[in-house]
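Trainee: First the structure, which I've put down as structure tokens, then a few questions once you've had a look.
The values are calculated or read from the model by the stated rules, or taken from the named source; none is laboratory data. Here the structure is a predicted model, which is why all the values come from computation and not from measurement. Cβ atoms come from the backbone with ideal geometry, glycine included; neighbour counts cover every protein chain shown.
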Number of protein chains: 2
Amino acid sequence: MRNGELRLNAYRDLRVALLGCGSVGAQVARLILENGDELAARIGANLTLDGIAVRSLDAERDVELPRELFTTDAERLVQGADIVIELMGGIEPARSLILLALGGGADVVTANKALIAAHGRELSDAADQVGAQLLYEASVAAAIPILRPLRESLAGDHITRVMGIVNGSTNYILDRMDRFGESAEDAMKLASDLGFLEADPTLDVEGFDAAQKATILASIAFHTEVPESAVYREGITGVTLEQITAARHAGFVIKLLAVAERLTASDGTDGVSVRVYPALIPREHPLAAVHEGKNAVFVEAEAAGELMFYGAGAGGNETASAVLGDLVSAARRHVVGGPGIPGSTHAEFPVLPVGEVLTAYQVMLEVRDEPGVLARVAGILAAHGVSAASVEQNTSSEGRATLIIGTHSAREADLAATVESLRADEAVAEVSSVLRREGRA
Amino acid sequence: MRNGELRLNAYRDLRVALLGCGSVGAQVARLILENGDELAARIGANLTLDGIAVRSLDAERDVELPRELFTTDAERLVQGADIVIELMGGIEPARSLILLALGGGADVVTANKALIAAHGRELSDAADQVGAQLLYEASVAAAIPILRPLRESLAGDHITRVMGIVNGSTNYILDRMDRFGESAEDAMKLASDLGFLEADPTLDVEGFDAAQKATILASIAFHTEVPESAVYREGITGVTLEQITAARHAGFVIKLLAVAERLTASDGTDGVSVRVYPALIPREHPLAAVHEGKNAVFVEAEAAGELMFYGAGAGGNETASAVLGDLVSAARRHVVGGPGIPGSTHAEFPVLPVGEVLTAYQVMLEVRDEPGVLARVAGILAAHGVSAASVEQNTSSEGRATLIIGTHSAREADLAATVESLRADEAVAEVSSVLRREGRA
């Protein structure tokens, strides 16, 4: 239904302002206009798309939309709205416009992960003050419903761990390397040609994008504010085809994981750990079957056990689906009355340093191929309290051997000290790979 | 926190009545009592467990609970409650007690799939009349958040298809047969020994349990009331190890699926189809990796694309997690004020007969091994408008050959007529297996 058309139903109108008209915004506008009657029946009110704020009135759009909807005056558009949908991206002016909207009592739906990661608490407090709703399901894993299940469905449970493949482009690259034996360079070029990478690819491959999503997941799962700067982060640029091939032979696949978990530090402090890194996952683990650009979030909770949420983690239409879901939720609440459910950060666990994290490791070494070297390496591990679960030794070349050591769960700080000692040892030519191992098979 | 203890926080109290104390009820009671402080912080109110209505005060419980909580007077318990949790199961007295609770303005949380499947509309209308909340996430796939995502997260999208493994015990049986080559009898005995089967195993193996869940999924996905009697239903008792082995060799696995989809009938009628039957799934499909007693629901939506929700589909603790999630949601809304979101059955699509369903099939035949038989069989298919996608012929014994025909998508009614003609043909000794094929690889 188009703006301004005669309406034959008896519903009241809800005025919707859309900020931004990129690939997601254009699809959101299309869906609101095309499915007007059906949305009205679901909501009990008509959604009237008041306008779309853009930087340039003349830019090309993915979808043909009525020209009279476009405006460059975002502030004015926001002021008349019942519900504001923010899809501009970036911090400013998105933040100020959302605060303006909430200040006026409007509900806000956004897909802006950078903004929520950096200013989620501020925006959520502003919403709570006036009983407005702030919804951002689309900010993590696009179409996959994950924030609402974490926040509501698991609200009576204790979530212990959230482990997600939340960046589609790095998953695409690692999946190509794993399944087709492509080099990192070739896989990355393909991802780039297909438009899977952000304009600045370091946001993807260095794990910045995943880290933003990890803070959002952690804050909801653990009722705790987690600043982006507290996320330990390693990207995939150090991952080689050799590592992936070796992992494959050992029954593992390498995935870039965003992990958020409850953790008790060595001094007894209860806290959380939030980290992004490439890790080995057993092939039988549900996350190992997440191919191409798909996303999935694996959740462990005390009572619910293991859950997984799987689907498309990007795409204009897919992200628009999540935005529309939030829009309908916000609108239904608007119609029946009553404030939004306040945000919850009552726990406020400290974010523990990565050194406190307990994980298993796989360490690959080039050593001198002579008697006593294995015992010496084992001694170095033991000296740091790291215990080996498996050792594989292959003669490589010219008096050298390759050792692949799988450890039991060890504290990250102990492992780091172990690797340092190994590097300093004269029997060790090279520590060629250190990878964490996540997920029981 | 125990009932009656001194409370040091400033929250108001919400009175909770629990009906039933079986494996789920006992865990729900335990979690409410053990996690009182944390739940209070999440909700903004104390949950006071007012009492637990049971049939016998002396029955053994899974969890030790204060004796003074138990009562046999369910009606009286319900009348004083803000939130009623119904975990008795069965239709009566559960239905009357829930109506009594809603009539008094209390919110209701239930895990009772049989009741929701049979009387969901009546209960939902009763809730809407007073603005109370009726939540039943635990009624389908236990711990897996699926109803809330369908109802809220996908509220702005068009769901086209929901395909679920929603009965854990039949999945366990089929999985044992597939992965360990066990006979149907052995796998069923094992499932029974492990306590995976309902007291009346026909509820599981004949698909009644899955059919109830299918009606609930369909009603939420398509905003349409679907009576249980309208669900086409086949169980797994006809599935043989031979079929599973043949499927395995052809790259498929057999799963008992509950399918709900939007469908246009041959006369152009827009409707829905809801059905439960064993079907072939490609090994690469995410549902094929759902092993043992796990459940998963695969959802296809126009904008969101393909989503999957995976986890435990049964268990006292797991189901209690979903019940607690609903309890916290209901309590939060109770605290901030405003009515529940009304149920939505505005679409009211007709449920189309199974004859209108379009699926691909695999038909296995024993035929006379002589020239012209294949052409004859192909002619029978063509006469009914069924088109073959693949044919495999193996000589079996004594002048007989086995034909395995994979069809393109065909109307169920046409396929049924085809099978009838094949059975009547003198060149065909036996139609040994007819299986539907669901899910693209």
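Trainee: Which residues, taken from region A:303-322, are in a loop (DSSP other than H, G, I, E, B), touching a helix residue (DSSP H, G or I) at 6+ places or on another chain (Cβ under 6 Å) and at the interface with chain B (Cβ under 9 Å from one of its Cβ atoms)?
Mentor: Within region A:303-322, A:303, A:304 meet the criteria.
Trainee: May I pose another question? Can you report the number of residues in region A:420-441 which are under 19 Å from residue A:162 (Cα atoms) and free of Cβ contacts under 8 Å to residues at least 60 places away in the same chain?
Mentor: Matching residues across region A:420-441 total 0.
Trainee: Go through region B:423-438 and give me each residue that's surrounded by 15 or more Cβ atoms within 10 Å (Cβ to Cβ) and under 34 Å from the mean Cα position of the chain (by Cα).
Mentor: B:431, B:432, B:433, B:434, B:435, B:436, B:437, B:438
Trainee: Being small (Gly, Ala, Ser) and either in contact (Cβ under 8 Å) with a residue 24 or more places away in the chain or within 14 Å of chain B (Cβ to nearest Cβ) (or both): is that true of residue A:199 here?
Mentor: No.
Trainee: On to the next question. Residue B:300: more than 14 Å from residue B:175 (Cα to Cα), assigned by TED's automatic domain parsing to the domain that holds residue B:203, out of contact with any helix residue (DSSP H, G or I) (no Cβ under 9 Å at 6 or more places or on another chain) and assigned to a strand (DSSP E or B), yes or no?
Mentor: yes
Trainee: Of everything in region B:140-180, what is polar (S, T, N, Q) and within 13 Å of another protein chain (Cβ to nearest Cβ)? Give them in sequence order.
Mentor: B:153, B:160
Trainee: What is the one condition in (1) at pLDDT 95 or above; (2) within 11 Å of chain B (Cβ to nearest Cβ); (3) outside any loop (DSSP other than H, G, I, E, B) that residue A:332 does not satisfy?
Mentor: (1)
Trainee: For region A:152-172, what are the residues that are closer than 24 Å to residue B:338 by Cα and either crowded, with 24+ Cβ neighbours inside 10 Å or of a type in the set (Phe, Trp, Tyr) (or both)?
Mentor: If the condition is that a residue be closer than 24 Å to residue B:338 by Cα and either crowded, with 24+ Cβ neighbours inside 10 Å or of a type in the set (Phe, Trp, Tyr) (or both), then A:153, A:154, A:155, A:156 are the ones that fit.
Trainee: Given the criteria within 28 Å of residue A:324 (Cβ to Cβ) and assigned by TED's automatic domain parsing to the domain that holds residue B:281, does residue B:166 qualify?
Mentor: The answer is yes for residue B:166.
Trainee: Here is a follow-up. Taking residue A:263 as the residue in question, decide whether it is more than 24 Å from residue A:228 (Cβ to Cβ) and either surrounded by fewer than 24 Cβ atoms within 10 Å (Cβ to Cβ) or within 13 Å of chain B (Cβ to nearest Cβ) (or both).
Mentor: Answer is no for this residue.
Trainee: Out of all the residues in region B:250-260, which are crowded, with 22+ Cβ neighbours inside 10 Å and of a type outside the set (Val, Ile, Thr)?
Mentor: Matches in region B:250-260: B:252, B:255, B:256, B:257, B:258, B:260.
Here is a yes/no grid of residues against (1) in the same structural domain as residue A:125 (by TED's automatic domain parsing); (2) touching a residue at least 60 places away in the same chain (Cβ under 8 Å):
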residue	(1), (2)
A:305	no, no
A:327	yes, yes
A:332	yes, yes
A:342	no, yes
A:362	no, yes
A:366	no, yes
A:376	no, no
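Trainee: Looking at region A:200-215, is at least one residue under 12 Å from the mean Cα position of the chain (by Cα), farther than 14 Å from residue A:120 by Cβ, not charged (D, E, K, R) and not in a helix (DSSP H, G or I)?
Mentor: yes
Trainee: Would it be correct to say that residue A:237 is within 17 Å of residue A:175 (Cβ to Cβ) and surrounded by fewer than 20 Cβ atoms within 10 Å (Cβ to Cβ)?
Mentor: So residue A:237 fits the description; yes.
Trainee: Give me a count of the residues in region A:216-235 that are within 16 Å of residue A:257 (Cβ to Cβ) and not in a loop (DSSP other than H, G, I, E, B).
Mentor: Of the residues in that region, 6 qualify.
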